[in-house]
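Structure first, then comments.
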Amino acid sequence: MTMLTRFAPSPTGELHLGHAYSAVLAHEAARAAGGSFLLRIDDIDGSRSREEFVDASLADLAWLGLDWDGDPVRQSSRLGDYAAALDRLRHQGLVYPCFCTRADIAASLSAPHGPSGALYPGTCRNLPESTRARRMAVEAHCWRLDAARAVGRTGALRWEEVGHGVRIADPLAHGDIVLARKDAPASYHLASTLDDADMGVSHVIRGADLIASTDVHRLLQALLDLPTPLYRHHALVCGRDGKRLAKRDAAASLASLRAAGIDGRALAADLGAGRLPTGYSLQNP
Ligand code: GLU
C-alpha cells in the first residue's frame, strides 16, 4: 500500500505549534515511506473561514519546509459530493430533518452527555412524514443521523490505531449527530470522512482530540461503502499552563515564531524528533 497522508487545517485562525506538529508528523510519515502528502483546506464553514488564513497557512507550511503533492483540496469545492452522500443516507432512511434550536436541546432536562457535549434527545427522530414535509417547507432544519438504526445496519465496527492495535468504535456514544447543518451543507464528520476516502488517504494522522470522532467516521465509512484508513492520533502540544494550544494562543502562532526570527526548518526537524520549544510539552489527553 502506498502511504498517503494529509494535513487538513480549518482556515478560521492562525496555525500554531500544535498544527505544525501534526503537519510535520504527517509529512514525515509520507516522505519516509516514499508516499504522498496532501493538503486539504477545511473551509466548509463559510461564515468562519477566511481566505487570509488559507494564504497564511500555506506560507507557514512553506516556512516549515513542508512540501505537499498536487493542489490543495478545498472542501468548499466539494459541496455536491457531500449532498450526494447525504441523499444516499436519506434514501436508506438513516437521516432525518431536525428543527430543534440549541435552546430547545439545552432545555431538554433528560439530555445525557457524550464525548462532544449533550446528546440529542431525539425530539424530531420520529415525526410523522406529513409533519416533516410541512415544517421543512417553512422552518430551518439540520439533518441528523439516526444512530441506532445506522448501527443496526452495520453491526460492530473497529479501526486500527497504529502502534496500539485494534480499537472498537462506539458511534452510539455520540447520539444522533448532525450531518448537514442549518448554515453549512455538511458537518465536519461527513465532509472529513468523504474527503479522506476520495483523496485516497491511507493513514489519518491527527491530534488525539479527534480520536472520539473516529467512532462516527467508522460508522459513516460503513454506511457509504468507503475504505477505512489506518489512524494515528498523536499527543497534543500544550502550553505553560498544561492546556492544549488554541487559536487564541498568539505567542505559539507560527506567524509570531517566524516574526521572532526562528528557523522554520530547524523547528520542523525538532518537532519531528519530539523536541518542543521551551515552555511547551506533548501530552496525551
Ligand atoms: N480541520 C480539522 C481541524 O483543524 C482537522 C480535521 C481532521 O484532521 O480530521 O481540527
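Of all residues being in contact with a Phe, Trp or Tyr (Cβ under 9 Å, 6 or more places away or on another chain) and touching a residue at least 24 places away in the same chain (Cβ under 8 Å) in segment 29-40, which is nearest to the ligand (Cβ to nearest atom)? Just the residue, please.
Filtering segment 29-40 for residues that are in contact with a Phe, Trp or Tyr (Cβ under 9 Å, 6 or more places away or on another chain) and touching a residue at least 24 places away in the same chain (Cβ under 8 Å), the one nearest to the ligand (Cβ to nearest atom) comes out as ARG40.
Here is a list: GLY239, GLY207, GLY264. Which entry is at pLDDT below 95, open to solvent by less than 30 Å² (accessible area, probe 1.4 Å) and not aliphatic (A, V, I, L, M)?
Testing whether each residue is at pLDDT below 95, open to solvent by less than 30 Å² (accessible area, probe 1.4 Å) and not aliphatic (A, V, I, L, M) leaves just GLY239.
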Legend entry - Count of segment 1-25 residues which are near the ligand (Cβ under 9 Å from one of its atoms) and assigned to a helix (DSSP H, G or I): 2
Legend entry - Extreme residue, farthest from the ligand (Cβ to nearest atom), among residues of segment 204-252 that are part of a helix (DSSP H, G or I), closer than 24 Å to ALA268 by Cα and out of contact with any Pro (no Cβ under 9 Å at 6 or more places or on another chain): ALA251
Inset, instruction - Please find, within segment 121-164, the residue that is nearest to GLY93 (Cα to Cα) out of those that are of a type in the set (Lys, Arg) and open to solvent by 40 Å² or more (accessible area, probe 1.4 Å). - result: ARG149
Inset, instruction - Considering every residue within segment 103-120, establish whether at least one is assigned to a strand (DSSP E or B), touching a residue at least 40 places away in the same chain (Cβ under 8 Å) and open to solvent by 60 Å² or more (accessible area, probe 1.4 Å). - result: no
Inset, instruction - Scan segment 141-169 residue by residue and report those that are within 21 Å of PHE99 (Cβ to Cβ) and either assigned to a strand (DSSP E or B) or at pLDDT below 95 (or both). - result: CYS142, TRP143, ARG144, LEU145
Inset, instruction - Taking only segment 194-224 into account, find how many residues are of a type outside the set (D, E, K, R) and in contact with a strand residue (DSSP E or B) (Cβ under 7 Å, 6 or more places away or on another chain). - result: 12
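The values are calculated or read from the model by the stated rules, or taken from the named source; none is laboratory data. Everything quoted here is computed from the prediction, not taken from an experiment. Neighbour counts run over all protein chains shown; Cβ positions are idealised from the backbone, glycine included. Note: accessible area is taken over every heavy atom of the protein model, side chains too, but ligands, DNA and RNA are not part of it. Shrake-Rupley method; radii C 1.70, N 1.55, O 1.52, S 1.80 Å.
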